[in-house]
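Rule-based calculations on the coordinates, nothing more; no lab input. Fair warning: this is a prediction, and the values are worked out from it, not measured in the lab. All Cβ positions, even for glycine, are placed from backbone atoms using ideal geometry, and neighbour counts span all protein chains on display.
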Amino acid sequence: MALEFISPEGLRLDGRRPAEIRQLRANLGVIDKADGSATFEMGNTKVIAAVYGPHEVQNRSQQLLDQALVKCEYSMANFSTGDRRRKQKGDRRSVEISLVIRQSMEAAIMTHLLPRTQIDIFVHVLQADGGTRSACINAASLALADAGIPMRDIVASCASGYLNNTPLLDLNYLEDSGGGPDVTIALLPKLDKITLLQMDAKLPLEMFEKVFELGNKGCVAIANYMRNVLLENTKDLAFARGVVKV
Amino acid sequence: MLQSKAFMKKTRRGQVVKVVREHYLRDDISCGAIFCQSCEKESACLSSSAPNILIVDTNVTLHHIDLLENNAIDDVVILSVVLEEVKNRNLSVYNRIRALCSNPMRRFFVFANEHHKDTFVKTMPGESPNDRNDRAIRSASLWYQKHLGQGPPILLLTNDIENKRKALQEGICTETVQSYVESLGRPELFDLVAQVCDSSLAEMDIEDSRPSKKKLIYPEHRPMSEITSGLQQRIFHQGKLRVNRYNPIEAYVNSESIDEEIIIYGRINMNRAFEGDVVAVELLPEDQWKEGNTLKLIEDEEDEVEEKVGLAPDSVDAAPTSLQAKPGDFGSKIGSRTCGRVVGIIKRNWHSYCGSLEPMPMPAGVGGAVNALFVASDRRIPKIRIQTRQLGNLLDKRILVAVDSWDISLRYPLGHYVKTIGDIGDRATESEVLMIENDINNRPFSEQVLACLPPLPWSVSQDDLKCNYREDIRHIRVFSVDPPGMYQIREANQMIEEFMLAANISVAEKILKHYPLCALLRRHPIPTPKMLEPLIRTAAAVGVKLDITSSKSLADSLDNALGNNDPYFNKLIRILATRCMTQAVYFSSGELTPPEYYHYGLAAALYTHFTSPIRRYADVIVHRLLAAALGLFKLPAVFHDKVQLNSLADNLNFRHRNAQMASRASVELHTLIYFRNRPTDAEARIVKIRSNGFIVFVPKFGIEGPVYLTPKAKDNNGEESCKNSADWIVDEEQQRISTRDGKRVYMVLDVVHVHIEVIEPQPNRSKLVLTLLK
């Protein structure tokens, strides 16, 4: 018998309902040396992002005259999954995820304002429990904002899937390995533009639309949360500098 | 929305892995009471007029599912912790309890106590999972008591003494199932209460009396940890126990860890395992492998080895599996086969069984509980001891009984009455029994199913005509070639069959081309030389040579197998040939390689079922595939799901086999009814020679069964049987049996005359008997 991912009472294995995201947590400025940094948690998935730049292009031959060069590196800590296995750097999976994160962020950064510069984004998975690439995009987005790099909008990302004939939001590892489709979306919520859409496995079109719709809503909810975090952070900064008086 | 984390360690393939999962606690979980002021009531069903709101623990659910299914029990809260445990321990009970919960006619409510912020309990250090779950059940009961203060009282049903004591301490009303049923004052419910040999009760017994006093019949099962490590070290072998249909004290286990089939002789070695149980088996030392015969002798006499007269088998699947290796027939063969004994039961396959009570005198006194022995109509099932207060009503009835437990000190398992099917011998009752035994659902279609049909009276609508994938052929004359009562046009019929085969084959080609990985096809495995061996031996004995290199050559040599002046000879050989083959099966093309798609019987590289969607579900599936291949419809989602598609094919095969078994059993039943008052003489053909007689086939009635030349040997009188069988000499190679003086000789395929009559050696178990007419 296939695993029952949703009970007839409408609860998922971890107690969420189908359209609920996991608990979110975010912190800004967690690495002092970096120009911008953030941690982002979606339930048990925990990632850290650091942004360096804009700075001079290290490799002159890569320098772009009309826009900034964005580089991204994704990695997973050896202790991020249950079994402590040494993971090779630069395997296919992390190269692919680095690429999609870079593309997704590039679409949001106003690169034309920073020609002949380089922006480095490092994302590192501390604990993996499904939806790491979404969490990485969210963390990177906050870190870029923390670094003060001009962006068109916040990039918010969320995954959704389809199991037991039900669209599910924000899959955890158990649900992710359930064999169903996994749709990752990254959204510019204000502009209502998609910067990333990935799906593995097959899904009939009408189902896909429902799953996509749900993922979109998840992104909007996450974006709202991120905006609040940034707002709180700004208030704290303003307070610390004496701009705002209590 | 609160959050907490559940930590647990999980072993998988010997590795110890720590698994951390999130566990969200909620405040929006409904209590399910209609009269509740605060909770959301969408799925609420518990009524305020109920005398009690019941909460049941895991063991009560597992053992008393028959009681819960009775209409007298309602307003029950099923906790999610209980559901989870039931699911892990017995999937069939889980499905039944789930069906109860989703039945709108019943008032069963599932309360997700594990995700409710007030009822969740965390495992305390040193606490066993069982104790933790019991505590969770008590915590939920307490919450209900507080939450529904003004409603009907909450009653926790548990048979666990420790749990009951703790619950009373915490101020929860609790009762055992027995006392609760007594308080209801409905005597008919008593029979539904399971008889569980409670381990705690058994322990108390041992404390009372010295252990040596307790007579142990069966060896203790090994603990699960020992079994697991034994399986890993290949000391034990895991597999499904299959009991011989014709000899219930002999069983087989096919294990992946050993090539051969392990044979288990005798009830002691079977050690309380039932047909279909997944068991762990230990091999006996090789010098004990021959002891099959002696072991048999110490069994009860009721377990005598017996073959019954029945419908002639039409394929290997329907034939008795290992009659050739029957103990006593060819003693030499037994020694070479692997014997074993059951050391533990990994998964029980207990369900309800049809049968009747063993006749017994009515005890003095009315209304008291009586112990009775239940005899299942499936001979593979041992007798089951049940307790009943309605013995008088049940003695002449076919009843359904469920098994509850089997203690080492008891010869027979304990069970309880589930329901009455009807009078013994009644045609409708016996047919119903066949349906239940073969798991055939003959309930009327549900409302939801009927709602899929267009309303009656139906006529062709404008929409139907506009449909671009349908064609109006009403202007063409359409006729049926097989109207009732028409036999002249047999050739046209034959033609239809050719067309049907052609249609099926071309559809198979089309769908396979479009969907190479998910086409539903039908294959017929090529019989192995070993399977055809009995046929070749029989044919050789009568001087016919068969070429089995291919289905074509076999068909040709069958065509040429004409007996001397015997018009029936050819047909008989053909019947024997089909019997050697397995049945054709459905499968998904992604599961096998193209050479395995072959249909041996039809000599077709590809085959499927397409032509009869109104009577076969497989054809509906194939129609959908074809419609998608032609671009008329989308491919349904099931075809994208490999697991689901395979389980669909398995289910088609399972249902098909069951339907065939039921149909055969039904014909056998009606044959029995036909001969009951009509002892008949008929011509028969010998199809197999045995040490003490032969198997005959009666073409006129299509029945087959043994004819004994010597009086049947009694188990406890082996000497006599030896003397008798010594009068007959069997030549296995020539397939003939003759008297010592050579006056009487019987050869395979010979014509003999037999007398067919019905006898009733045991009450309620009448059977057909064939005797030779001299």
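Here is how the numbers come out for the structure above:
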{"quantity": "Distance in nm between pseudo-label sites at A:Asp236 and B:Lys146 (7 Å out along the Cβ direction from Cα)", "calculated": "3.6 nm"}
{"quantity": "For B:18-28, mean number of other protein chain Cβ atoms within 10 Å", "calculated": "5"}
{"quantity": "Cross-link partners of B:Lys41 among aspartates and glutamates (Cα-Cα below 20 Å; sequence separation of 8 or more within a chain)", "calculated": "A:Glu9, B:Asp27, B:Asp28, B:Asp74, B:Asp75, B:Glu114, B:Asp118"}
{"quantity": "Cβ-Cβ FRET estimate between B:Phe35 and B:Leu456, R0 fixed at 51 Å, reported to 0.05", "calculated": "0.75"}
{"quantity": "Average partner coverage of B:109-116, which counts Cβ from other chains inside 10 Å", "calculated": "3"}
{"quantity": "Packing rank of B:113-120, B:732-739, B:581-588, where each peptide gets the mean count of other beta carbons within 10 Å, highest leading", "calculated": "B:113-120, B:581-588, B:732-739"}
{"quantity": "The stretch B:19-156 shape via C-alpha gyration tensor axes, a/c threshold 1.5", "calculated": "oblate"}
{"quantity": "Inter-site label distance for B:Ser663 and B:Asp727 at 7 Å from Cα along Cβ, in nm", "calculated": "4.3 nm"}
{"quantity": "Full-stretch length increase - B:Ser48, B:Lys571 - with 0.36 nm per residue and alpha-carbon distance subtracted", "calculated": "181.2 nm"}
{"quantity": "Mean-position separation - Cα centroids, the stretch B:217-263 and the stretch B:93-108, in angstrom", "calculated": "35 Å"}
{"quantity": "Gyration tensor (alpha-carbon) shape descriptor, the stretch B:352-437, a/c threshold 1.5", "calculated": "oblate"}
{"quantity": "Extension gain (nm, one decimal) between B:Met495 and B:His351, 0.36 nm per residue minus Cα-Cα", "calculated": "47.2 nm"}
{"quantity": "Sum of side-chain charges, A:Gly180 neighbourhood, beta-carbon under 14 Å (Lys, Arg +1; Asp, Glu -1)", "calculated": "-3"}
{"quantity": "When chain A is reduced to its Cα atoms, the Kirkwood hydrodynamic radius in Å", "calculated": "18.7 Å"}
{"quantity": "Greater than 28 Å apart at Cα, pairs in B:Lys164/B:Lys383; B:Lys347/B:Lys397; A:Lys202/B:Lys510; B:Lys510/B:Lys552; B:Lys240/B:Lys383; A:Lys190/B:Lys117", "calculated": "B:Lys164/B:Lys383; B:Lys347/B:Lys397; A:Lys190/B:Lys117"}
{"quantity": "Cβ-defined net charge surrounding B:Thr61, 14 Å radius [Lys, Arg +1; Asp, Glu -1]", "calculated": "-4"}
{"quantity": "Between the stretch B:341-389 and the stretch B:635-706, the alpha-carbon center distance in angstrom", "calculated": "27 Å"}
{"quantity": "Cα-projected label distance for A:Ala201 with B:Asn393, points at 7 Å along beta-carbon direction, nm", "calculated": "5.1 nm"}
{"quantity": "Inter-chain Cβ neighbour average for residues A:3-10, partner chain, 10 Å", "calculated": "4"}
{"quantity": "Environment charge at B:Asp118 (Cβ cut-off 11 Å; Lys +1, Arg +1, Asp -1, Glu -1)", "calculated": "+2"}
{"quantity": "Whole-number percent relative contact order across chain A, with pairs defined as alpha carbons under 8 Å at least 6 apart", "calculated": "20 percent"}
{"quantity": "Protection proxy ranking of B:624-637, B:444-457, B:148-161 - average other beta-carbon atoms within 10 Å, highest first", "calculated": "B:148-161, B:624-637, B:444-457"}
{"quantity": "Among A:Leu168, A:Leu99, A:Leu231: highest mean-square fluctuation, GNM of chain A, C-alpha pairs under 10 Å", "calculated": "A:Leu231"}
